[in-house]
Amino acid sequence: MDYRPAEFVRFVLPDEAVEDVIDEAKAETWTKEREHALLVVRDANGEEQFAMVRGGKDGILLERAEDGSISVPVENELFLLHRLAWHVHPVPTGPSDHDFATLDALAQESSMLFEIGGPREGTLFSRKSGRKT
Ligand SMILES: [Zn+2]
């Protein structure tokens, strides 16, 4: 499996059309064979920003510090990861165990998944539903 640490792609501005950003992330996921995600991060001033990142072919590694926080390198700084807004899969596989573990790590209830070849409106997955037991 090819999981790679989150690599910053670009900031996404709040006034950008969500559909266009999703289409861009899908295109990049497809052509680069690397999963893309939109993260809500906090900069050093605590300001929330949207950051597009990419990982490996099978997923994005997010490393937890001892205090449980997850930081993502953005340019020359570490930004604190607040939420996984959505991510893209190259093929429709549904949320992975890794995806559920990420929600657990962030204490986040749910997130959106956009899969190439899957529903255009995306799939909402949550910590309480859909987990294999
Ligand atoms: Zn995933």
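Readers should treat all values here as calculations from the given coordinates under stated rules, not as data from a laboratory. Since the model is a prediction, treat every value here as computed from it, not as a measurement. In this analysis, Cβ positions are derived from the backbone assuming ideal geometry, glycine residues included, and neighbour counts consider all displayed protein chains.
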Applied in sequence order to region 74-85, the curve 6.51 cos²θ - 1.76 cosθ + 1.60 (Karplus, θ = phi - 60°) yields integer Hz couplings, x standing for Gly and Pro, of 10, 6, 9, 10, 9, 9, 6, 7, 9, 9, 8, 5
Formal net charge of residues neighbouring GLY122 (Cβ-Cβ distance under 14 Å; K, R +1; D, E -1):
-3
From fewest to most C-beta neighbours within 10 Å, the residues THR93, THR102 line up as THR93, THR102
Among the GluC sites (Glu not before Pro) in region 24-68, which ones are in a DSSP loop with at most 16 other Cβ atoms within 10 Å of the Cβ? Mind listing them?
GLU33, GLU47, GLU63, GLU66
Over the alpha-carbon set of region 68-133, work out the extent along each principal axis and list the three values in angstrom, largest first.
36, 26, 16
From the phi of every residue in region 90-106, what ³J(HN,Hα) in whole Hz does the Karplus formula 6.51 cos²θ - 1.76 cosθ + 1.60 yield, where θ is phi - 60° and glycine or proline is x?
x, 9, x, 10, x, x, 8, 4, 4, 5, 5, 5, 5, 4, 4, 5, 8
Quick one: work out the % antiparallel among DSSP beta bridges in region 3-129, nearest 5.
80 percent
What order do you get for 36-43, 94-101 when each peptide is scored by the mean count of other beta carbon atoms within 10 Å, highest first?
36-43, 94-101
Provide, in order from the shortest bin, the percent of all Cα-Cα pairs of region 1-61 in each 5 Å bin, continuing until the bin that contains the maximum pair distance.
4, 19, 26, 24, 15, 8, 3, 0
For region 3-129, what does the equivalent ellipsoid look like in terms of its semi-axes, each the square root of 5 times an eigenvalue of the Cα gyration tensor, given largest first in whole Å?
21, 17, 14
When the helices in the chain are scored as -39500 (n - 2.57) per DSSP H run of 4 or longer and the sum is shared across all residues, what 222 nm value do you end up with, to the nearest 500 deg cm²/dmol?
-6000 deg cm²/dmol
